[in-house]
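**Q** Provided herewith is a single structure, encoded as structure tokens, for subsequent inquiry.
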Amino acid sequence: MSKSIIEQNLKQARIEQLPEKAKKDYKLRLLEEIFLQLANKENRYIFYCPDIAVVNTLVKLIYETAYEVKELGYNVVILHEIDKFKCKWLFEQYPHLKDLQLDYIIKKKSGKSNKTKSQYSFKISDTLIVPDQFQEILDNLIDTKLIQKVILAAQARAGRGNQHPVSRTCDAPAAARCRRRCPG
């Protein structure tokens, strides 16, 4: 289970008060844990996707890219903003994309309450992938040093005509499977 940002900050403060040898040992154990997660493909690739309810090529690009990464055996999460949001149009046209795990930045605390909480928990081995049009979301995460942040250059990919946006990064069988499912 991921820890909240407050818990992460408290843990970091406790670590900073440790003697130098203990800090060094902690960092070494942490690096070993990260490398083990990477080797076992247990780290998460979190694709930020804006909540756009109408047909949109950017949303399709994000989901298709995430699906191909998942097909390669990686742990993938689509991160939307508001709890329970789903791209119904996308799942109707491309039912295979329903297999992707969804998570949300803003979640309702309970069914009876209208209150929400908005602290998403990241793991140290997470990689957050954000479309270039929404890179301002990274400004909100500037203090979250635990994760790698990557910009998805969606504009450059969208301008390649009918070629599938992830075909350059897929192996040949994965690209062929993707083109069969995805006409655009």
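The values are calculated or read from the model by the stated rules, or taken from the named source; none is laboratory data. Bear in mind the structure is a predicted one, so any value in this text is a computation, not a measurement. For neighbour counting, all protein chains shown are included, and Cβ atoms are generated from backbone atoms with ideal geometry for every residue, glycine included.
**Q** Do we have any residue at all in the range 135-146 that's surrounded by 13 or more Cβ atoms within 10 Å (Cβ to Cβ), touching a Ser or Thr at 6+ places or on another chain (Cβ under 8 Å), at pLDDT below 70 and under 15 Å from residue 46 (Cα atoms)?
**A** No - not one qualifying residue is present in the range 135-146.
**Q** So residue 73 passes all but one of these: (1) in contact with a Phe, Trp or Tyr (Cβ under 8 Å, 6 or more places away or on another chain); (2) on the phi > 0 side of the Ramachandran plot. Which condition number does it fail?
**A** (1)
**Q** Report yes if residue 15 is part of a helix (DSSP H, G or I) and surrounded by 13 or more Cβ atoms within 10 Å (Cβ to Cβ), otherwise no.
**A** yes
**Q** Also, I was wondering about something else. Identify all residues within the range 42-71 that are outside any loop (DSSP other than H, G, I, E, B), touching a Cys at 6+ places or on another chain (Cβ under 9 Å) and either farther than 21 Å from residue 84 by Cβ or not basic (Lys, Arg) (or both); write none if there are none.
**A** Within the range 42-71, 58, 59, 62, 63, 64, 66, 67, 68, 71 meet the criteria.
**Q** Which one is surrounded by the fewest Cβ atoms within 10 Å (Cβ to Cβ), of the residues in the range 44-60 that are farther than 23 Å from residue 120 by Cα and of a type outside the set (S, T, N, Q)?
**A** 54
**Q** Are any residues in the range 94-123 touching a helix residue (DSSP H, G or I) at 6+ places or on another chain (Cβ under 6 Å) and modelled with pLDDT under 80, and if so, which ones?
**A** Within the range 94-123, 119 is the sole residue that qualifies.
**Q** Got at least one residue in the range 26-35 being of a type in the set (Phe, Trp, Tyr), modelled with pLDDT of 85 or more and either surrounded by fewer than 17 Cβ atoms within 10 Å (Cβ to Cβ) or more than 25 Å from residue 130 (Cβ to Cβ) (or both)? Give the steps one after another, and end with the answer.
**A** Taking the range 26-35 and keeping what is of a type in the set (Phe, Trp, Tyr), we get 26, 35.
With modelled with pLDDT of 85 or more added as a condition, the list becomes 26, 35.
Add one more test, that the residue is either surrounded by fewer than 17 Cβ atoms within 10 Å (Cβ to Cβ) or more than 25 Å from residue 130 (Cβ to Cβ) (or both), and what stays is 26, 35.
Taking every residue of the range 26-35 in turn, at least one turns out to be of a type in the set (Phe, Trp, Tyr), modelled with pLDDT of 85 or more and either surrounded by fewer than 17 Cβ atoms within 10 Å (Cβ to Cβ) or more than 25 Å from residue 130 (Cβ to Cβ) (or both).
**Q** So which of 32, 16, 20 ends up being acidic (Asp, Glu) and touching a helix residue (DSSP H, G or I) at 6+ places or on another chain (Cβ under 8 Å)?
**A** Only one candidate passes the filter, namely 16.
**Q** Does residue 71 fit the bill of being surrounded by fewer than 21 Cβ atoms within 10 Å (Cβ to Cβ) and touching a residue at least 60 places away in the same chain (Cβ under 8 Å)?
**A** Taking the combined requirement at face value, the residue satisfies it.
**Q** For the range 72-100, which positions are part of a helix (DSSP H, G or I) and aromatic (Phe, Trp, Tyr)?
**A** Initial filter on the range 72-100 (part of a helix (DSSP H, G or I)): 88-93, 95-99.
Those that are part of a helix (DSSP H, G or I) and aromatic (Phe, Trp, Tyr): 89, 91.
**Q** For the range 59-78, state whether one or more residues are closer than 21 Å to residue 132 by Cβ, modelled with pLDDT under 90 and touching a strand residue (DSSP E or B) at 6+ places or on another chain (Cβ under 8 Å). If you could, list the steps in order and put the result at the bottom.
**A** The first filter runs over the range 59-78 and keeps only residues closer than 21 Å to residue 132 by Cβ, leaving 59-69, 76-78.
The next check asks that each one be modelled with pLDDT under 90; those that pass are none.
No: the range 59-78 contains no residue that is closer than 21 Å to residue 132 by Cβ, modelled with pLDDT under 90 and touching a strand residue (DSSP E or B) at 6+ places or on another chain (Cβ under 8 Å).
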